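This report refers to the structure that appears directly beneath it.
Please treat every number below as a calculation from the coordinates, not as lab data. Quick caveat: nothing in here was measured; it's all calculated off a predicted structure. All Cβ positions, glycine included, derive from the backbone under ideal geometry; neighbour counts span all protein chains shown.
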Amino acid sequence: MEVAIFDTYVKRREGGYMHFDIIVSADTNYESVLTFGNAYLKSKSIDRQSVSARDCRFCHIQETVPVWEQNIRQHGYHIYEMEGC
């Protein structure tokens, strides 16, 4: 399975940024990517209404790894947390 990686930065209310990748099947539309980002923020109880195109940009396509593929098949996406998450 090929996946698309979207590099995402969200400004935290208390300062700093959350940096994470939204990983989806390569054929996923961009509106769904933003919806998945918003679901992730909600799961983290972040006081922010939405992830916008300014916060989330396509990075690259690559082959998936088993953990990502399992989450994508189950939830439609995988979040790879990097900083401030």
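Annotations for the structure displayed:
- Look at the dipole of the chain built from charges on Cβ: of ILE79, PHE36, GLY16, the Cα furthest out on the positive end belongs to GLY16.
- 5 angstrom amide H check on CYS85, placed H, neighbours 5+ away: HIS19
- Extension reserve of the ASN71-HIS19 stretch, reckoned as 0.36 nm per residue once the Cα distance is removed: 16.8 nm
- In the chain, the longest principal axis of the Cα atoms and the axis of helix 66-75 are about 70 degrees apart.
- 222 nm mean residue ellipticity, helices alone, for the chain (DSSP H n ≥ 4; -39,500 (n - 2.57); rounded to 500): -9000 deg cm²/dmol
- Placing unit charges on the Cβ atoms only, positive for Lys and Arg and negative for Asp and Glu, gives region 2-83 a dipole magnitude near 420 debye about its Cα centre.
- Using alpha-carbon coordinates, inclination of helix 30-43 to the longest axis of the chain, degrees: 50
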